[in-house]
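Asker: Below you'll find the structure I mean.
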Amino acid sequence: MAQVRVLIVDDSALLRDIVRDLLSQDARIQVVGEAENGAQALEQARALRPDVITMDLQMPVMGGIEAISAIMAEVPTPILVLSSIADASNACEAIARGALEAMDKSPASLSSQLCRKLRMLAGVTVIRHYRKRGQADPQPAAAGLDHAHTHPRHVGAAFFIASSTGGPQVLAELLQLLPADFPCPILIAQHIADGFAGGMAEWFDGICPLPVRLAEQGQPIRPGEVLISPSERHLGLDQRRCVRLLEPAEGDIYHPSCDQLLISAAQVYGKQAVGLILTGMGRDGVQGMGQIKAVGGATLAQDEASSVIFGMNRLAIEAGCIDQVLAPVQLAEEMQWLAVTRQ
């Protein structure tokens, strides 16, 4: 099997040394180049065509966010952002520009996760991120759907989304397409490194018509509000339809757990639950989608063509628990339809 070819980008020589030393311990990985700013990163990406890039954000000459934009427009490459938790908002901006994931750059976090992450991301096919001059931002699709505006505000349904690698970009697109008067709550379990969920919630809140918040213990589930699971906890519900945050059990692979959210949704909302499973690796969420299907809820999956990793959603489709397989724009349209017909 060919080695994973990695380009390390960081203005700190110490951090580059740490990353290089960690990667040298895995025979499946080869460091093919290093850069100390974004301009060098772009040059090296052109010349070396690495399988994956580790990218710092705060650098001289050209910062990481600008470098990501340039690389994804010219030589699209899987990018893993290495950032401090304190810089979570910029890390989410980097994901919006085309980076696949972000993780804490502390030595403890890097030593436990870095090699596995890079091996996983190296196999991802990324697309060119290029916006033509004058291209407009996505507009809410609901403007033409009369039933989304004439139905009473609270109809009892609730939406539950399972998402992993490549998911933040899809979630951003999806949420931007929903109207400000969307009448149902939306709860999201997105696999993300500890400490970065708050930055993701801020990102979504700044671009979406609906309010987006990190879920808090005991918080009532309200129509028209989007709640994001903290990365350090599993998100569930109690019978009063309030948030229940659970500590991960020892050995839990995914934080937060998509299955935990979806199974809880099936138990509390029954046929009023609508489950969506998006791009991602592994099978987290498949069991939960099956539970929603079993109690009469609606189930939707992102299609293969728009998925960064056609994994979780593929397994749910193969399990026979998905009603419809749709691209993100069509998912937003179907959400609006179900919001006013699912009672």
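Asker: Do we find a residue being at negative phi, touching a Pro at 6+ places or on another chain (Cβ under 8 Å) and part of a strand (DSSP E or B) anywhere in segment 50-58? Spell out the reasoning first.
Answerer: So in segment 50-58, the residues at negative phi come out as 50-58.
Next, only the ones that are touching a Pro at 6+ places or on another chain (Cβ under 8 Å) stay: 51-53.
Within this subset, residues satisfying the condition of being part of a strand (DSSP E or B) are 52-53.
Within segment 50-58, one or more residues are at negative phi, touching a Pro at 6+ places or on another chain (Cβ under 8 Å) and part of a strand (DSSP E or B).
Asker: Counting only residues that are part of a helix (DSSP H, G or I) and either polar (S, T, N, Q) or more than 17 Å from the chain's Cα centre (by Cα) (or both), how many does segment 299-336 have? If you could, list the steps in order and put the result at the bottom.
Answerer: So in segment 299-336, the residues part of a helix (DSSP H, G or I) come out as 312-318, 328-336.
This time we only want the ones that are either polar (S, T, N, Q) or more than 17 Å from the chain's Cα centre (by Cα) (or both), so: 313, 315-318, 330, 333-336.
Total satisfying the criteria: 10.
Asker: Further question: Among what's in segment 274-288 and is part of a loop (DSSP other than H, G, I, E, B) and out of contact with any strand residue (DSSP E or B) (no Cβ under 8 Å at 6 or more places or on another chain), pick the residue that is nearest to residue 159 (Cα to Cα). Walk me through how you get there before you give the answer.
Answerer: Step one: of segment 274-288, the residues part of a loop (DSSP other than H, G, I, E, B) are 278-279, 281-285.
So of that shortlist, the ones also out of contact with any strand residue (DSSP E or B) (no Cβ under 8 Å at 6 or more places or on another chain) come out as 281-283.
Numbers: 281: 21, 282: 22, 283: 20 Å.
Within segment 274-288, the match that is nearest to residue 159 (Cα to Cα) is 283.
Asker: Next question, about the same structure. Which ones in segment 19-44 are in a helix (DSSP H, G or I), farther than 13 Å from residue 67 by Cα, over 27 Å from the mean Cα position of the chain (by Cα) and of a type outside the set (D, E, K, R)?
Answerer: 24
Asker: If you take the residues in segment 215-241 that are of a type in the set (Val, Ile, Thr) and crowded, with 23+ Cβ neighbours inside 10 Å, which one is nearest to residue 258 (Cα to Cα)?
Answerer: Top of the filtered list is 228.
Asker: Next up: Of everything in segment 21-68, what is farther than 21 Å from residue 116 by Cβ, in contact with a strand residue (DSSP E or B) (Cβ under 9 Å, 6 or more places away or on another chain) and of a type in the set (Lys, Arg)? Give them in sequence order.
Answerer: Of everything in segment 21-68, just one residue is farther than 21 Å from residue 116 by Cβ, in contact with a strand residue (DSSP E or B) (Cβ under 9 Å, 6 or more places away or on another chain) and of a type in the set (Lys, Arg), namely 49.
Asker: Of the conditions (1) in a helix (DSSP H, G or I); (2) at pLDDT 95 or above, residue 87 satisfies every one except a single condition; which number is it?
Answerer: Only one criterion is unmet by residue 87, namely (2).
Asker: Can you tell me which residue in segment 184-214 is surrounded by the fewest Cβ atoms within 10 Å (Cβ to Cβ), limited to those that are modelled with pLDDT under 95, in a loop (DSSP other than H, G, I, E, B) and in contact with a helix residue (DSSP H, G or I) (Cβ under 7 Å, 6 or more places away or on another chain)?
Answerer: 195
The values are calculated or read from the model by the stated rules, or taken from the named source; none is laboratory data. Please read these numbers as outputs of a predicted model, since none were measured by experiment. Virtual Cβ from ideal backbone geometry, glycine too; neighbours counted across all protein chains shown.
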